[in-house]
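Asks: The structure is given below, and queries will be raised subsequently.
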Amino acid sequence: MEVHRQTCQICGSRKLRNILLREPKTADKVIVQCTECKELVARYIIAKGGYYHHAKGYESYLRGLTRDGDFMNARIMENEYLEIKESCEKEFDTVTGHLSEQGKDD
Ligand SMILES: [Zn+2]
């Protein structure tokens with residue numbers, strides 16, 4: 001496993017912001033901007049069904065799937081949501097634990 005903390009390649013700052021871009025008929029994107037020098041740092045394309053927004057709840061997850069054109073059995077989706085929620089929480093604990101051990105959680 002590799003855990004990396006994203007850093008601005010221009011000024012070295014770790015103060016970054018994620019800007020979510022949604023356009024019709026296009027995969028959602030996250031544009032990462034450095035808040036220090038204001039430069040573009042990175043762009044991520046979000047896979048279909050790949051977006052999980054913690055503490056937004058099941059209704060928000062359903063709206064995301066519907067936006068992606070994914071219509072499944074509600075019961076399956078609720079179970080899927082709970083699995084995704086749990087796995088995201090575990091991954092969050094793992095990566096923040098690694099960064100903390102490496103002294104990179106500033
Ligand atoms: Zn920068």
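Asks: Which GluC sites (Glu not before Pro) in the chain sit in a loop by DSSP (not H, G, I, E or B) and have at most 15 other Cβ atoms within 10 Å of their own Cβ?
Replies: For GluC sites (Glu not before Pro) across the chain that sit outside H, G, I, E and B with at most 15 neighbouring Cβ atoms in 10 Å, the list reads Glu2, Glu36, Glu39.
Asks: Go through the cysteines of the chain and tell me which have no other cysteine Cβ under 4.7 Å away.
Replies: Cys88
Asks: Check cross-link reach from Lys104 to the lysines: straight Cα distance under 29 Å, and skip same-chain residues fewer than eight apart.
Replies: Lys15, Lys29, Lys38, Lys56, Lys85, Lys90
Asks: Mind checking the angle between helix 57-67 and the chain's longest principal axis? C-alpha axes, 0 to 90 degrees, to the nearest 10.
Replies: So the inclination is approximately 80 degrees.
Asks: What are the chymotrypsin sites (Phe, Trp or Tyr not before Pro) within the chain that DSSP puts in a loop, where the Cβ has at most 13 other Cβ atoms within 10 Å?
Replies: Filter output for the chain: Phe71.
Asks: Determine the relative contact order of the chain: mean sequence separation of Cα pairs under 8 Å and six or more apart, normalised by residue count, in whole percent.
Replies: Relative contact order comes out at 19 percent.
Asks: Hey, which lysines would be in cross-link range of Lys25, C-alpha to C-alpha under 20 Å, not counting anything within fewer than 8 residues on its own chain?
Replies: Qualifying lysines at Cα under 20 Å: Lys48.
Asks: Moving on. So how far apart, in nm, are the two label points at Glu101 and Glu2 if each is 7 Å from Cα heading toward Cβ?
Replies: Distance between the two pseudo-spin positions: 1.8 nm.
Asks: Helix 74-101 sits at what angle to the longest principal axis of the chain, using alpha carbons and giving 0 to 90 degrees rounded to 10?
Replies: So the helix axis and the longest Cα principal axis differ by about 10 degrees.
Asks: In the neighborhood of Glu39, defined by Cβ-to-Cβ distances under 15 Å, what is the net charge if each Lys or Arg adds +1 and each Asp or Glu adds -1?
Replies: Taking every Cβ under 15 Å from that of Glu39, the sum is +4.
Asks: I need the Kirkwood Rh of the chain: take the reciprocal of the average 1/r across all distinct C-alpha pairs and report it in angstrom.
Replies: Kirkwood radius, the chain: 15.9 Å.
Asks: Taking just the alpha-carbon atoms of region 7-46, what radius of gyration and Dmax come out, in angstrom?
Replies: When restricted to the Cα atoms of region 7-46, Rg and Dmax are 11.1, 35 Å.
Each reported figure results from applying straightforward, stated rules to the coordinates on display, with no laboratory input. For clarity, every value in this text was computed on a predicted model and none was experimentally measured. Quick reminder, even Gly has a Cβ in these numbers, built from the backbone with ideal geometry, and neighbours come from all protein chains shown.
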